[in-house]
Amino acid sequence: MRFIAFAIVLGVVPFLGLPAFYETFLYLLLHAVVLATSWNILSGYSGYFSFGHGAFFGAGVYTTAAIVFNYGWPFLATLPLAAGAAALLGLILGAIVFRVRALRGELFALLTLAITFVLGTVMLNTVDGGPGIQLLADIPKIAPTASGTLYLLMLAIAVATVWIAHAVFYSRFGTGLFAIHDDEDVAEVMGVPTYRFKLAAFCLSCALAGLAGGIHAIFVSYVTVAETFSIALAVNVVLMSALGGTRHWLGPAVGAIVITALLYGFTAGQAPVLGRALVGAILIAVIVLMPQGILGLVLKRFSPRAAPRPSSGSERKLVLAPTPNSEPILVARGVSKAFKGVQALSDANLEVHRGEILGLVGPNGSGKSTFINVVSGHYPADAGSLVFEGHELVGRPAHRIARAGIARTYQIPRPFAHLTVLQNVALPPMFGQVTMDRASAEAEAWRWLEFTGLAAKAYVLPAELNLHQRKFLELARALASRPRLLFLDEVLSGLTSTEMDEAIKLVRAIRDQGATIVFVEHVMRAVMELTDRVVVLTYGKAIAAGAPREVMRDPQVINAYLGSAHA
Amino acid sequence: MLEARGLRVTYGAAPAVDGASLSVEAGGLVVVVGPNGAGKSTLINAIAGVQRPSEGALRMEGTSLLDLPAHRYCDHGIALVPEGRRLFTGLTVRENLELGSYRAAARARRAQSIDEVCSIFPVLKERLDAQAGALSGGQQQMLAIGRALMALPKLLLLDEPSLGLAPAIVLELFRVIREINGRGVAVLLVEQNVAAALEIARRAYVLEEGRIVAEGAPRELAAQPHIQRAYLGLH
Amino acid sequence: MPSATLLGQSVLSGVFIGALYGLLGLGLSLSWGLLRQVNLAHFALAFLGGYLTFQLAGRLDPFVTLAVTVPLFFVAGIALHWFLSRYAANMLNTLVVTFGLTTIIEAAIQRIWTADFQRMESIYGAIRWKVGAFYIPFPELATLLLAMLLCGATWALLRFTDFGRAARAMTEDAPMAAAFGVNEKRVGYVISGLAAAFAAIAGVCLALTHTLAPVQIYAWMGVVFAAVMIGGLGSALGPLLAGILIGVSEALTMAVTAPTWAPLVSFSLLIAIILFRPARF
């Protein structure tokens, strides 16, 4: 609501009778705010740095310019089309690019840069024709002057853009984007529909840029390819966001205002050249001193460390799943997976019975972690079938497997580094079998933090946890989606004796609440104590299955571990 | 020759190696066995300089290694064959060997060393110009050992060389390790594969949960309940 | 359809311009491929080198100015690497810092030499030969020869010397390279210094063959990035070959259609490679 108040206050400006210079300056300020903020919605939040923002801005510019010039439409009517054209371009590009796993980081940045040049060249040779397009558009009389009207339009868009960035930031969509930023593969496994989210963020970002472009066409009134599709715009939006802080919805706006004001201040002043040099120096200084941007530093100083925890209400029993019987909940048949010539899983067959704790053991390199990765969808299986409660999992994207009720921990903990412990654990409930809203998800997360003893560390970043706590964070995160089948990948290794006893009690408690657990472990003492059945893997195949003590005395198994001398 | 005392290597608050002490005599063949998660890799990485202990002492022929930067360890006669081989896959077999002898003292003898490595591992000789990444698992292991030998080490550190290899190749591998030791190079070997390791060792340590829990001659250790309990969980 | 002579001359000029792309791309390819640092300031440095040559051209032969600029830039490269490793830990921050540096250098250039287009006068400008029906101007030929020499020498350095092997090993697995004695810091300094020195040399060629203006710094970024990516990060010969490929395609496109279609070639090629062979990177 403060946004509307803000808008009204700033909306007064054109009516103050200030010289056009101020209106122009403010227009450019807002223009920069829109471009930087819209860029950040995809690139800052999800980490997919685009260097092609100029392409989408340009698409908007030329859509408006072409339609106004060729068909004489009132320019306001062209704005939805400008936004639409840019969004469509983003949709097509994103649909292709986001599918390919390898196209992240620098590649995505350069691909988008290349798109800018390609689009610019195409525009130059087709729509524009070379000399540019001169527009003589009728600007509606909303404010006393033309520049005032354009200012008001850009103000409206700027407020809308910042509001959208704010809304996304606090929404489930935004949380998903931030998770993608930290670890896309894990986010997918936790239930975030990464492809859809990235595409949505991209289209939104492009549409807003296109909208700004449409208005800018009228503002400059003489549209050229060189000015529109320049590399300067692409780089400037990155700089503004980096300066202000890419992890916050207001960061890009702050950066945009700072840089635009600086540039204008110097250009209008006595020494524009010196001014530009100074801007460059300031950029370097800011990044060196504040690697997270201005807002990043400010927020660190003022973030609440230990806010009060919401009242717990009645301690109801945590129920995970219906009571067990011994039918198989998961059946793996002929599952194979190879990596670069190494056959990690080779025609593996095994069954997991409902409600049991199944130990999955075997020497190093026998395929245990790979099995978990394949079931959870982290990697696709090369061959075979995995049937979970009657549904085939092979071929399903990981986020749908998470929705089906399967969760896993990672052997080397992979928490979302920039989310707090609480936010980490609150993510799966937001994207799991029952998609909860933020408040309910956090309440759910609190329960699991208490269960695993991490409640005191709820507002801390994962980097500040020790190994034991990080393993328990993995556990809490996996449990938070109330899975029916839970895979624990070496949660106990690296723990001291006492910590291990605690963990063993915890695992039992989880099973008692109805989950089926598959437990990969090397700590044999724990395997003996906890498991109902054990499956032994070697060289990617299951060679024995049964009660723990019998299986571990099986000569084949002893041979696999210790060699024939001991059998 | 090599003396490690009270090494402590931590990840966060929980130590992966907690007060481990061991020694290797010149020309010795010492083996460290223990179940997975015991800290064997961490221990050997600490001795090789790849990881820094937070506490403890590490001396090689009297020189304290912990005062040195990582790239100086090889000058004191230490060469590492890491877990998972960690070959330079972008380089050819020959280039990997040449890089093994990067340090000045080894560079002078490079041509000779390559001949020697090829005589120990004839299969490498045939594939000198192949990309390291194109070799099979067993061949890669041999190249990793060959690369380490090129540094003319006094002490060869091997981290789970049998990992991912078929039993027949493992036998051959350990035979070669014994041969290398026979030429005067001390060997410190950590292994999960107890049988093969104890077969060639002259002295052995058992590492459990980051601590040395037993030490002695291989035959004695094999008979002890430690091994059975640690590996198989049987009491 | 243009005549054979015209097409031939186009191919030739495409090769020449491509050589300059390659020369500019060499330093970028090294620091990006081997050090994983995207140095946006590389172009500004090249132009600075060009301007310095232009400044000294009255008194010194342009090629002799290299004796001054190359060592100077080598040191600058070392300093830059030190700064980036210390203060700019990730790609985004490296981009910001190097862009800031570009702005500073550009402003300095404009302050000293103004924003006007400057053309360096040298005796070499007038020399050109006629071979058959084709004209071969000396500055462009010199650029081609220098590019081939430097790219070839760098390729040999990376391929045949201990230093080259150490650099390639370090890029792949720095801790393991260190275990065999490779001093990561020192190797990084040398590579960064070399990259900057190559920028100085590219600058001389720029001054010899083109008019200089501060705004031109940005004009080369796109196509040189394309050449580096198509040629392969960390490759010494790649940028040159890719540069020539791009230059010739552009020139032919210009001869057959309109000059304004030329940029489409390099970037479409780049897009195609990124989409279909992302594993190369």
For the stretch B:2-232, give me the percentage of DSSP beta bridges that are antiparallel, rounded to the nearest 5 percent.
55
Given just the C-alpha atoms of chain A, how large is their convex hull per residue in cubic angstrom?
181
On Cα atoms only, tilt of C:41-56 relative to the major axis of chain C in degrees
60
Stokes-Einstein D for the protein assembly as shown (37 °C, 0.692 mPa s, Kirkwood Rh from Cα pairs), in µm²/s, comes to 101
Distribution output for the stretch A:23-265: share of Cα-Cα pairs per 5 Å bin in percent, first bin at 0, values 1, 7, 15, 19, 20, 16, 11, 6, 3, 1, 0, 0
Taking only Cα atoms, what is the 0 to 90° angle, nearest 10, from helix A:293-302's long axis to the longest principal axis of chain A?
60
Using the Kirkwood radius over C-alpha pairs as Rh, can you work out the diffusion coefficient of the stretch C:116-161 via Stokes-Einstein at 10 °C, viscosity 1.306 mPa s, in µm² per second?
123
Whole-number D in µm² s⁻¹ for the stretch A:21-61, Kirkwood Cα-pair radius fed into Stokes-Einstein, 37 °C, 0.692 mPa s
294
Can you put A:Trp163, C:Trp32, A:Trp73 in order, fewest other beta carbons within 10 Å first?
A:Trp73, A:Trp163, C:Trp32
Percent antiparallel among DSSP beta bridges (both partners in the stretch A:328-566, rounded to 5)
55
Chain A: angle of helix A:172-189 to the longest principal axis, Cα-based, in degrees nearest 10
50
Quick one: check the C-alpha center-to-center distance for the stretch A:75-135 versus the stretch A:148-193, whole angstrom.
20
Below 8 Å, C-alpha to C-alpha, sequence gap of six or more: please give me the relative contact order for chain B in percent.
29
When DSSP beta bridges are limited to those with both residues in chain A, what percentage is antiparallel, rounded to the nearest 5?
60
Once normalised by the length of chain A, the mean sequence separation of its alpha carbon contacts under 8 Å that are 6 or more apart gives a contact order in percent of 16
Determine the shape class of the stretch C:99-183: with a ≥ b ≥ c the square roots of the Cα gyration tensor eigenvalues, call it rounded for a/c under 1.5, and otherwise prolate if a/b is greater than b/c, oblate otherwise.
oblate
Filtered chymotrypsin sites (Phe, Trp or Tyr not before Pro), the stretch C:78-161: DSSP coil and at most 16 other beta carbons within 10 Å:
C:Phe117
Treating only the Cα positions of chain B as identical point scatterers, give the base-10 log of I(q)/I(0) from the Debye formula at each q in 0.10, 0.11 Å⁻¹.
-0.44, -0.53
The simple spin-label model distance between C:Leu145 and C:Ala133, using points 7 Å out along Cα→Cβ, in nm, is 2.7
20 Å Cα-Cα reach of A:Lys141 towards aspartates and glutamates, excluding residues that sit fewer than 8 places from it in its own chain:
A:Glu23
Specify which residue in the list A:Gly214, A:Leu422, B:Leu171 is farthest towards the positive end of the charge dipole of the protein assembly as shown, using unit charges on the beta carbon of Lys, Arg (+1) and Asp, Glu (-1), about the Cα centre.
A:Leu422
For the stretch A:355-401, which GluC sites (Glu not before Pro) are in a loop by DSSP, counting at most 16 other Cβ atoms within 10 Å?
A:Glu389
Cβ density ranking, 10 Å radius, fewest first, applied to A:Met436, A:Met1 yields A:Met1, A:Met436
Spatially proximal aspartates and glutamates relative to A:Lys337 (Cα-Cα < 16 Å; intrachain offsets below 8 disregarded)
A:Asp347, A:Asp382
Going Cα to Cα from A:Lys471, which lysines come in below 24 Å? Please leave out same-chain ones fewer than 8 positions away.
A:Lys317, A:Lys368, A:Lys457, A:Lys505, B:Lys40
Quick check on packing: order A:51-59, A:5-13, C:90-98 by the mean number of other C-beta atoms within 10 Å, highest mean leading.
A:51-59, C:90-98, A:5-13
Specify whether the C-alpha gyration tensor of the stretch B:74-200 places it in the rounded, prolate or oblate class, a ≥ b ≥ c being the square roots of the eigenvalues: rounded for a/c under 1.5, otherwise prolate if a/b is larger than b/c and oblate if not.
oblate
Two-decimal log10 I(q)/I(0) for the stretch A:328-566, as the Debye equation yields it once each C-alpha is a single scatterer, q = 0.14 Å⁻¹
-0.90
Chain C, helix-only ellipticity at 222 nm - DSSP H runs n ≥ 4, -39,500 (n - 2.57), divided by all residues, nearest 500:
-24500 deg cm²/dmol
Restricting to Cα pairs below 8 Å that are 6+ residues apart, what does the relative contact order work out to for the stretch B:97-235? Please round to a whole percent.
18
How big is the stretch C:4-280 on each of its three principal axes, counting only the C-alpha atoms and giving the largest first in Å?
59, 46, 33
Kirkwood estimate for the stretch A:59-194, i.e. one over the average of 1/r between Cα atoms, Å
18.0
Can you tell me how the stretch C:165-281 classifies by the Cα gyration tensor, rounded, prolate or oblate, using a/c under 1.5 as the rounded cut?
oblate
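Every number here is computed from the coordinates shown, using simple stated rules; none is lab data. A quick note: this is a predicted structure, and the numbers were derived from the prediction, not measured. We place every Cβ from the backbone using ideal geometry, glycine too, and count neighbours over all the protein chains shown.
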